[in-house]
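The values are calculated or read from the model by the stated rules, or taken from the named source; none is laboratory data. What you are looking at is a predicted structure, and each value in this text was computed from that prediction instead of being measured. Cβ placement follows ideal geometry from the backbone for every residue including glycine, while neighbour counts extend to all protein chains displayed. For accessibility, only protein heavy atoms count, side chains too; no ligands or nucleic acids. Shrake-Rupley method; radii C 1.70, N 1.55, O 1.52, S 1.80 Å.
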Amino acid sequence: MKFFVDTADVAEIDDLAATGLVDGVTTNPSLVAKSGRSFVEVVREICGLVDGPVSAEVTALEAEAMVAEGRALADLAANVCVKLPLTFDGLKACRQLRRANIPVNVTLCFSAAQALLAAKAGASFVSPFIGRLDDQGQDGMQLIADISEIYAQYPRLETEVLVASVRHPMHVVEAAKLGADVATLPPSVLRQLIKHPLTDKGLDAFLADWAKTGQSIL
Ligand code: G3P
């Protein structure tokens, strides 16, 4: 399973990328607003920090304008993946950008039917938002299971399932059990994945015993 980080915080991306765990980055207009920085500047900077795809979202609502914005974003760096909303115009723009060989992440997916349409439009990634479904009392993970089952029926489809709106480590574990291609994680969730209280406890005990030996490795 590939891990993307879901943030526009360049310092966080830089720190996490050093682990070798970061296969890409996703941003959205809310995350860019939170960073308080210029969108273009942030996208360029992130693209220089990671080799994998960096999703940058258009804000136009009409297909031709989405394509124009998508082309401009794709010109910023070779690893930009244009993020488009799952709307009628978004799907039209997806088709056009894919014909130009520009990678596309179709976002704001909340149903298996929408995911099927994204794949038919040639999306490189589809982003089902599982946390927001859970927030509504629905089962976000069931959506990942449904999409995976549908895509498996059509091996020629190349769209990757990018699990988004991830809230906690169990979302990642359950999505991995379903074979999802990618999970995009808030930095806090990626850090939570690393931590286990027994790891900390075990390390404390090892270090206490080591101190008693009076030795040092170097
Ligand atoms: O970037 C898309 C998605 O991951 C947003 O998640 O937490 O705002 O529902 P969230």
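Specify, per residue and in Å³, the volume enclosed by the convex hull of the alpha carbon atoms belonging to region 1-154. Write out the running numbers ahead of the final one.
Working: hull volume 18.0 nm³, N = 154.
Roughly 117 Å³ of hull volume per residue.
Separation between the Thr87 and Ser188 pseudo-spin-labels, each 7 Å from Cα along Cα→Cβ, expressed in nm?
Between Thr87 and Ser188, the simple spin-label model gives 3.0 nm.
Sorted by accessible area with a 1.4 angstrom probe, largest first, how do Ile194, Ile150 fall?
Numbers: Ile194 105, Ile150 50 Å².
The ordering from most to least exposed comes out as Ile194, Ile150.
Can you tell me the equivalent ellipsoid semi-axes for region 93-218? Use √(5λ) from the Cα gyration tensor, largest first, whole Å. Don't skip to the end; give the middle numbers.
Values: eigenvalues 331, 58, 29 Å².
Over the Cα atoms of region 93-218, the semi-axes work out to 41, 17, 12 Å.
Return the Rg/Rh ratio of region 75-123 with Cα-based radii and a Kirkwood Rh.
0.97
Rounding to the nearest 20 debye, state how big the charge dipole of region 2-213 is about its Cα centre with +1 on each Lys and Arg Cβ and -1 on each Asp and Glu Cβ.
Numbers: 19 positive and 27 negative charges, 61 e Å.
Dipole size: approximately 300 debye.
Counting only the heavy atoms of the protein chains, how much of Asp51 is accessible to a 1.4 Å probe, in Å² to the nearest 10?
150
Averaging the inverse of every distinct alpha carbon separation and then flipping it gives the Kirkwood radius. What is it for region 1-90, in angstrom units? Before the final figure, lay out each step's value.
Values: mean 1/r = 0.0756 Å⁻¹.
Result for region 1-90 stands at 13.2 Å.
I need the trypsin sites (Lys or Arg not before Pro) found in region 178-218, filtered to DSSP loop residues with at most 11 other beta carbons within 10 Å of theirs. Please report the intermediate quantities before stating the final value.
Values: sites: Arg191, Lys195, Lys201, Lys212; in loops: Lys195.
Passing sites in region 178-218 are Lys195.
Grab the DSSP H runs of the chain that are 4 residues or longer, score each as -39,500 (n - 2.57), total them, divide by all residues and round the 222 nm result to the nearest 500 deg cm²/dmol. Show your work: numbers first, answer last.
On the way: 11 runs with 113 residues, N = 218.
Mean residue ellipticity, 222 nm, calculated: -15500 deg cm²/dmol.
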